[in-house]
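Read-outs: derived from the displayed coordinates by stated rules, not from any lab. In this text the structure is predicted, and so the values were computed from the model without any measurement. Cβ placement follows ideal geometry from the backbone for every residue including glycine, while neighbour counts extend to all protein chains displayed.
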Amino acid sequence: MPGCPRCGDDVDRRFRFCPWCGEPQRRKIVEFFRAHPRDRGRALRVSRYLGDEPHVRFSVWDEAGVAQAAVSLEDDEAARLADFLVATRRPAGVARLLARRLRLPS
Ligand SMILES: [Zn+2]
């Protein structure tokens, strides 16, 4: 069992973060997302890079396993994207977002 690079305690390989001190155990964390049926045959891969230059990379993959396009966002912009997705998940959130953009009282 490998040791955590920060605290030295044993950490099972399946952990992404040290359960004792929170240190990331991987420099890149990847998650795949299924496409909407209109984009059947494609998938979105989101990779969070945790090293000295943290960023989030989004790439579109086809059925052959080839990346067709990619873009990287800095952490702050990726957090703004996450906020946008959460805020617009419900009609009330969409209304609040539009009101804020139009500077209307919500
Ligand atoms: Zn640790």
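Annotations for the structure displayed:
- Of all the residues in segment 56-92, those that are within 28 Å of R6 (Cα to Cα), of a type outside the set (A, V, I, L, M, F, W, C) and touching a Phe, Trp or Tyr at 6+ places or on another chain (Cβ under 8 Å) number 2.
- Pairs, first under 25 Å from E23 (Cβ atoms) in segment 42-63, second part of a loop (DSSP other than H, G, I, E, B) and not aromatic (F, W, Y), C-beta under 9 Å, six or more apart: R48/P54; Y49/R27; L50/R26; L50/R27; G51/R27
Yes or no, residue by residue, for (1) in contact with a Ser or Thr (Cβ under 9 Å, 6 or more places away or on another chain); (2) within 16 Å of the ligand (Cβ to nearest atom); (3) in a loop (DSSP other than H, G, I, E, B):
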{"site": "R13", "(1), (2), (3)": "no, yes, yes"}
{"site": "R48", "(1), (2), (3)": "no, no, no"}
{"site": "G51", "(1), (2), (3)": "no, no, yes"}
{"site": "F58", "(1), (2), (3)": "yes, no, no"}
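- Cβ pairs under 7 Å, 6+ apart, first in segment 80-106 and closer than 19 Å to V56 by Cβ, second surrounded by 12 or more Cβ atoms within 10 Å (Cβ to Cβ): L81/L73; A87/G93; A87/R96; A87/L97; T88/V94; T88/L97
- Residue among A69, A78 that is surrounded by 12 or more Cβ atoms within 10 Å (Cβ to Cβ) and either within 30 Å of R96 (Cα to Cα) or not hydroxyl-bearing (S, T, Y) (or both): A78
- Those residues of segment 81-91 which are hydrophobic (A, V, I, L, M, F, W, C) and either within 28 Å of G41 (Cβ to Cβ) or surrounded by fewer than 11 Cβ atoms within 10 Å (Cβ to Cβ) (or both), in sequence order: L81, A82, F84, L85, V86
Matching residues to (1) within 16 Å of the ligand (Cβ to nearest atom); (2) under 21 Å from the mean Cα position of the chain (by Cα); (3) not small (G, A, S):
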site: P2; (1), (2), (3): yes, no, yes
site: P5; (1), (2), (3): yes, no, yes
site: D9; (1), (2), (3): yes, no, yes
site: R16; (1), (2), (3): yes, yes, yes
site: V30; (1), (2), (3): no, yes, yes
site: R34; (1), (2), (3): no, yes, yes
site: P37; (1), (2), (3): no, no, yes
site: R40; (1), (2), (3): no, no, yes
site: A43; (1), (2), (3): no, yes, no
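- Flag for E53 being of a type in the set (D, E, K, R) and within 30 Å of G3 (Cα to Cα): yes
- Some residue of segment 31-39 being part of a loop (DSSP other than H, G, I, E, B) and of a type in the set (D, E): no
- Among (1) part of a loop (DSSP other than H, G, I, E, B); (2) away from the ligand (no atom under 15 Å from the Cβ) - the single one W20 does not satisfy: (2)
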